[in-house]
Amino acid sequence: MTGPSPVAGTPPVTGPHPSAPEQAAHLTEQGARVALLTPDRTARRTMGRDMADAARQPDAARAGRAQAARVAPTVAALWRN
């Protein structure tokens, strides 16, 4: 792929690149409002270590949706301001 990435904050190159927290910090330093969303403890435990384990996927999806509902007001407030 050449040119800018279609996903904000994702470098358009392969290989080592800054972590999500580093990218969020850099964007914040530049004046952007950033909400870095990562799986919470419940979601991580539900997903388990093997992300390809199909038996865990339905419960992991439910855990992700539950977390999304909890953080939605924070993200919405960030977008509104």
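Assigning unit charges at the beta carbon (Lys, Arg +1; Asp, Glu -1) and nothing else, what dipole magnitude in debye, to the nearest 20, does the stretch 26-78 show about its Cα centre?
180 debye
Under a plain spin-label model, where a point goes 7 Å from the Cα along Cα-to-Cβ, how far apart in nm are M51 and V75?
1.7 nm
Sort R41, R65 from largest to smallest accessible area, using a 1.4 Å probe on the heavy atoms of the protein chains.
Highest to lowest solvent-accessible surface, that is R65, R41.
Full-extension gain between A68 and V34, please, as 0.36 nm times their residue separation minus the C-alpha to C-alpha distance.
10.6 nm
Taking a probe of 1.4 angstrom, what is the accessible area of V34 in Å², to the nearest 10?
60 Å²
For L78, L27, write out the residues from largest to smallest accessible area, computed with a 1.4 angstrom probe and no ligands counted.
L27, L78
Given axes a ≥ b ≥ c from the Cα gyration tensor, I'd like to know whether the stretch 16-81 is rounded (a/c under 1.5), prolate (a/b larger than b/c) or oblate.
oblate
The values are calculated or read from the model by the stated rules, or taken from the named source; none is laboratory data. Values in this document were obtained by computation on a predicted structure and should not be read as measured data. Every residue, glycine as well, gets a Cβ built from its backbone with ideal geometry; the counts of neighbours run over all protein chains shown. The area values use the complete protein model at the heavy-atom level, side chains included, leaving out ligands, DNA and RNA. Shrake-Rupley method; radii C 1.70, N 1.55, O 1.52, S 1.80 Å.
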